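The values are calculated or read from the model by the stated rules, or taken from the named source; none is laboratory data. Since the model is a prediction, treat every value here as computed from it, not as a measurement. Neighbour counts run over all protein chains shown; Cβ positions are idealised from the backbone, glycine included.
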Amino acid sequence: MNKQQKRLLALTITLLTSLNSLELNAAPITYTGSKGQYTVDREAGTYKGSKVYIYEKNKEIFQDSFVNTPAFAAKPTTPEVKYGLITDKCIGSACLGMTFGQLKAKLGNKVNYKVGQFMVDIDAVQVIQDGKVQYEICYGAGEKLRDKDKITCLSTTNGYYRTKEGVGPSTSLIQAQKIYGRATVSYNTDNESREELKFSKLPKGYQRIWFRPQSKSEGYAGIYADWRKAYNQTNRFKPDAYIWQVMINKE
């Protein structure tokens, strides 16, 4: 079998019987036939059958029988997740409804905890790993989070954590609205002027997820027509606007 025929094997190999569990990882495979050994640069799979036919311009030019089972590449595994997952119930290992004690048992001695003020009327326990705040457990100001207390609010500004669509802290608003639809930013002076962010096509089940935006250069992400209004809302935002914080709340 010449080089041209071997190349045709890679392009036009046809099995006498059907393929089983064809995998799309494009890995080369090698098999030994009665007339020699051949490497096939095509999708790996498990073949059930004993012969191959090779064609050129619909004309059979070669056939051979399997002597041994092809040495197929391993089945592709699910890619390792490179980020912590945000859902409407969890940020990483912390989930709404679990107790603080359950979370501590789950995380073991890998983390440290630091108590501090989160915002007006809200305190938080920071969960710190490798010197970085992973997320915060929020609760009422002046209270103490005990091991038996259930987690009702979580927040993160750590870009390691993202939704399954890849959106999280540090994601630009330009990119986020390509995934979740048109972005609307707003603030209300009666709500301490905290800027909020909503998307027009947020997936069902994400109602508990709150996004807060920011501009890398000028604070507010939005471009507002009249700053004197108590409430402002707009679909216009600065080019460097990004998601600064993601929160999930039981309520």
Here are some conditions: (1) more than 28 Å from residue 95 (Cα to Cα); (2) assigned to a strand (DSSP E or B). Residue 184 meets all but one. Which one does it not meet? (1)
Restricting attention to region 204-215, does a residue exist that is farther than 22 Å from residue 89 by Cβ and β-branched (Val, Ile, Thr)? no
In region 195-251, which residues are charged (D, E, K, R) and under 20 Å from residue 165 (Cβ atoms)? 196, 198, 201, 204, 208, 212
Could you go through region 215-225 and let me know if any residue there is in contact (Cβ under 8 Å) with a residue 40 or more places away in the chain, not assigned by TED's automatic domain parsing to the domain that holds residue 138 and not small (Gly, Ala, Ser). no
Can you run down the residue pairs with Cβ atoms below 7 Å, 6 or more apart or on separate chains, where the first is in region 153-177 and surrounded by fewer than 21 Cβ atoms within 10 Å (Cβ to Cβ) and the partner is among the polar types (S, T, N, Q) and at pLDDT 95 or above? 157/245; 159/170
Just to be sure before I move on: is residue 148 in the same structural domain as residue 118 (by TED's automatic domain parsing) and loosely packed, with under 14 Cβ neighbours inside 10 Å in the structure I sent? yes
Within region 100-119, how many residues turn out to be small (Gly, Ala, Ser) and part of a strand (DSSP E or B)? 1
Residues satisfying the stated conditions in region 178-206, i.e. loosely packed, with under 15 Cβ neighbours inside 10 Å and either β-branched (Val, Ile, Thr) or over 18 Å from the mean Cα position of the chain (by Cα) (or both): 182, 189, 190, 191, 192, 193, 194, 200
